[in-house]
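The values are calculated or read from the model by the stated rules, or taken from the named source; none is laboratory data. For clarity, every value in this text was computed on a predicted model and none was experimentally measured. Cβ placement follows ideal geometry from the backbone for every residue including glycine, while neighbour counts extend to all protein chains displayed.
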Amino acid sequence: MFQTGYRSGAGHCSGTFANPSANVRPRFRYWLPDASVNLSRVALDIADAKMVGAGGVEVLGYYLYDSAPGNIVPTDWTTYGWGTPAWKTLFDTLIKAHKDNGLIMDFAMGPNQGQGVPAHEDDDGLMWDIRLFNRTIPVGGSFNGVLPGWGTGQLQAAVTGLVTSSIETSDPGPGLPTEPSTSREQNTLSAASLQDVTDQVGSDGSLSITFPSDSTGLHYTIFAMYLIQMHYRNEADPTTLVGPETVPQDFIHNGSWTVDHFSTRGAKVMTDFWEKYLLIDGTKEALMEVANYGWEDSCEINPDVYWTRYLPEAFKERRGYSINKFLPTLFHQNDLNSAATTWWITDEEDSGNSHIADYRTTLTEMYGDYLQALTEWANSYLNIQFSAQVSYNMAMDMQTNIAKVNGPECESLGFGHVIDAYRQYAGPANIAGKRIISSECGANFGDVYQQTLPDLLWDVRRSIAGGVNNFIFHGYPYSGNYGLTTWPQFTTFYYLFSEMHGRHQPAWDFYSDSIDYAARLQYIFQSGIPKRDLAFYQKFTAYQSVPRNYQPTDLEAAGYTYEYLNPENLEEPKAVIQHGILAPERQAFKALIIRANDSMTVSGVERISEIAHTGFPVIFSGGIPSYLASYNASGSAYINATLKSLTSLSNVHVVHYEGLAATISSLRIQPATIIQASNTWYTYWRTDGSTDYVFVYNDAFGSPLGNGTSQGTVEFQSTGTPYLFDAWTGAQTPILNYTQSNNSTTIYFELAGNQAVIVAFKNSECAAEHVVSASPGVISFTTRGSAVVANVGNTASTCVTSDGRSHSLAASSATPITLSNWTLVVEHWDPPSDLTDIETVAVKSNTTHSLPTLTSWQDIAGLQNVSGRGYYSTSFNLNPDPQGGAIIDFGAVVHTIRVSINGHVLPPLDTTWARADITPYLVKGENKVEAVVATTLINRLIPIWTSLRTSGVGPLLGPPTSQDYGLLFDVVITPYKSTVVC
């Protein structure tokens, strides 16, 4: 089975599908500005998180993360900094609040992204960097002096080389796969001319050297590289901020420093601080009762080159040669921004990329040691789990180290909401048996105070389709008063990134419908084992952003699902071939696809050869790759010869890049879900042995609200009895209209834009009598006791049941009713007169509006700059058929909705298509409909946009455009007549 990982002290109880436990509920990223916050308000924030259905929060000391110019620290961080006694008191409060509310808690290992802690500034475990200096010397010239940059730090290496060309260009660079290009001066060095002259440098930095006069080139260059400690504060640097800061008396009160992420020494700096200064006086024991993950966010540091002082020795030992003379080639595309204006490449066939690849491989291995040390500490010292956004922003292969943590985490922002990108992350996690693949979900640029919950759930659904199954919603700021900050609340990132969930949002009291929906998705897709059809080989996935790797959409259109694996992933113990299946106890892949432009490794090709020789289908798409991602001439010859030899095997196929789905189908490899639909549908399959769970999602990305409805069928390779698991209500109902063969089940669906369903096949149940086909006039099939009932609108219809009988179905005598003449009472949420009064949620007042037909608030006089809640009401007359009922349909919902019929509150409605059977609540004659909707806050903030402040800084973007609010589509009542068919 999949790894459950280490458990919190509260244990890992999943609850039920109808009511998932805190362990499998989404959590909020909880931003605390610093340790000066009101502890009572912090406890109330945690209670509020429970109220809306969250499983807890991920605690993050914000400390002016990504600080903007002009910030003012309104409190003294020498007193209220991360790791101080004040922070420990706050941390203890958070622990108690989680325990009191029956929640679980994640916590960052340090402030900001959790990448460092207070430490002595000369600690060997802090972050390292190298600085590059150079001097130009003419061909045949001499240098006799002190190295450029001498005194910057410890000399890492001195190197000389002949520059053979220099150009100004912005063309795509000779970088490794997926690397961006930049406008740059690109200098080419003769690889044969490169000399490591470090041992010729005197103790005073002096070097005497004469260069050949017969060289063909532009000039020689002397490079001097120095090892320094970067001293990058993990908090916004108080020395750059104007505020009441005082001189710290010890290192604990002097802020946090980023640690070396490429050594176990860096990890030990972190864990030693926790053990000595935070996990004392009962905190450790209390934390173990509620903690889930110790956690590190994306590594948003920007050295010249990601480095550790231990790298040269490790590189020599692991790669077999010295990195020194190739150091100049590392100073582009190996930092956070990948925006170096000067590139040094070599005249080798691959421009020296093999050396960069070897550097990245070594860095990847050393980062894995760091992650493993933190994971082992969390597991052994606290009996909890460790999570990290593995490799985020760092120039290395993220897939190699995903398995090193208990809970690997990606994010919707860096992954661009791209399903293919999520699959690149999920493949390594799944092959390693990770139960949880987490996401920092919902971070969008420019959406602050305007992100709707349907938009957030769009992120969730695309993530599930890509294999992600745990969500940390971005984010939830501290909701109390804070210095130099205005209503509505402390707003992170200076109003740049969404969202600021919390009590100041008019929809907050209604969040639970959407949070419960996400929790039920997590409940299902954290259970069992995921299954995919195809594995793509892939090497070198580094990110800030992760692009779509397989560009065509033919696989998805045909229903094939796939993930990506790199050479190290193929070495996992469960990546074996049994009965013609790769990793049968994991994803159960049916074929391995290798593309002509893939980067290869010797060990990867050895594994591919082993796989191919078992008879497993191997497909070379677009040709046979030839690039070895390492400086290894014999290895390059080996991979070329080996891959070419594999083509003689009958199970190895070299095919065109285009038409891959058709090629795979011709090999009689069928997808687990064969899709025939009018739009792109995605599926995701998990099985726990007794039940198969399949997520079916109609992606209507880019379609306007209410558009994108699609019809089609899915043929599932399962013959269990099908059920619909409704994640909005928690109900499990049998699917009554399907056809079944000896091997598969085919079901028709009509899905709204961005709507998803969960189909469960219970393999132990024998199929009961059911419907196998029906004409379009049938609204639905339901059960009445043990009978199957057809519900028909005002068009006579037919159906055929599984016993072969045809049935004529009478129509309802009533026609659909479009509701009109609505009364709308709007509860306005306005700011307090004192904008620094954050404790006030809103100043509320009501206005009443008569609406003959429904329209956006933007079209209603007086509501253009209003946010709040709308209370809609109207009525309709109906004499329901004694053998029938009615459906109410609101269409797509902007944000949130709660509906009552004759005073009876309906179960939560799917906001992509808000419809429900209202038969139990109908009366003869007049029936009253009431709907409550809530809005985002943006329309009310637009008029006061320039007055808003967080820590003394206003929004970094201008005011956004206003949003449409309210019920936007006609609400229709569709009566139906019911007929028993079997």
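Tabulated data for the structure shown
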| read-out | value |
| --- | --- |
| Entirely in the range 815-924, the strands (runs of 3 or more DSSP E) that have 3 or more residues that are of a type outside the set (D, E) | 822-830, 843-851, 868-878, 884-889, 896-901 |
| Condition check for I130: surrounded by 17 or more Cβ atoms within 10 Å (Cβ to Cβ) and at pLDDT 95 or above | yes |
| Residue ID - surrounded by the most Cβ atoms within 10 Å (Cβ to Cβ), chosen from residues in the range 691-707 that are farther than 18 Å from R423 by Cβ and out of contact with any strand residue (DSSP E or B) (no Cβ under 7 Å at 6 or more places or on another chain) | A700 |
| Residue match in the range 787-796 (condition: in a strand (DSSP E or B) and in contact with a His (Cβ under 8 Å, 6 or more places away or on another chain)) | yes |
| Elements of type helices (runs of 4 or more DSSP H) in the range 249-337, at least 1 residues being touching a Gly at 6+ places or on another chain (Cβ under 7 Å) | 264-273, 283-290 |
| Filter result (assigned to a helix (DSSP H, G or I), over 31 Å from the mean Cα position of the chain (by Cα) and small (G, A, S)) within the range 572-618 | S609, A612 |
| Residue within the range 144-156 that is within 30 Å of Q544 (Cα to Cα) and aliphatic (A, V, I, L, M) present | no |
| Cβ pairs under 6 Å, 6+ apart, first in the range 836-849 and closer than 18 Å to L941 by Cβ, second at pLDDT below 95 and surrounded by 13 or more Cβ atoms within 10 Å (Cβ to Cβ) | none |
| Qualifying residue in the range 194-214 (condition: among the hydroxyl-bearing types (S, T, Y), closer than 30 Å to M398 by Cα and either part of a loop (DSSP other than H, G, I, E, B) or free of Cβ contacts under 8 Å to residues at least 60 places away in the same chain (or both)) | no |
| Flag for Y381 being farther than 26 Å from T221 by Cα and either touching a residue at least 12 places away in the same chain (Cβ under 8 Å) or not small (G, A, S) (or both) | yes |
| Hits in the range 364-410 - residues which are more than 18 Å from K268 (Cα to Cα) and assigned to a helix (DSSP H, G or I) | T364, M398, Q399, T400, N401, I402, A403 |
| Qualifying residue in the range 899-921 (condition: touching a residue at least 12 places away in the same chain (Cβ under 8 Å), closer than 16 Å to V826 by Cα and surrounded by fewer than 22 Cβ atoms within 10 Å (Cβ to Cβ)) | no |
| Scope the range 460-481; condition in a loop (DSSP other than H, G, I, E, B) and surrounded by fewer than 24 Cβ atoms within 10 Å (Cβ to Cβ); matching residues | Y478, G480, N481 |
| Looking only at the range 360-380, and only at residues there that are touching a helix residue (DSSP H, G or I) at 6+ places or on another chain (Cβ under 7 Å) and hydroxyl-bearing (S, T, Y), the one that is surrounded by the most Cβ atoms within 10 Å (Cβ to Cβ) | Y367 |
| Residues located in the range 494-534, provided they are crowded, with 23+ Cβ neighbours inside 10 Å, among the polar types (S, T, N, Q) and assigned to a loop (DSSP other than H, G, I, E, B) | S498, Q505 |
| Options I664, I669, I624; residue that is out of contact with any Cys (no Cβ under 9 Å at 6 or more places or on another chain) and not in a loop (DSSP other than H, G, I, E, B) | I664 |
| Residue match in the range 749-760 (condition: within 20 Å of F716 (Cβ to Cβ) and more than 37 Å from the chain's Cα centre (by Cα)) | no |
| Search result, residues across the range 242-267 that are crowded, with 20+ Cβ neighbours inside 10 Å and either at pLDDT below 95 or within 16 Å of G83 (Cβ to Cβ) (or both) | I252, H253, N254, G255, S256, W257, T258, V259 |
| Complete set of residues in the range 535-567 that are surrounded by 21 or more Cβ atoms within 10 Å (Cβ to Cβ), among the acidic types (D, E) and farther than 10 Å from I431 by Cβ | E556 |
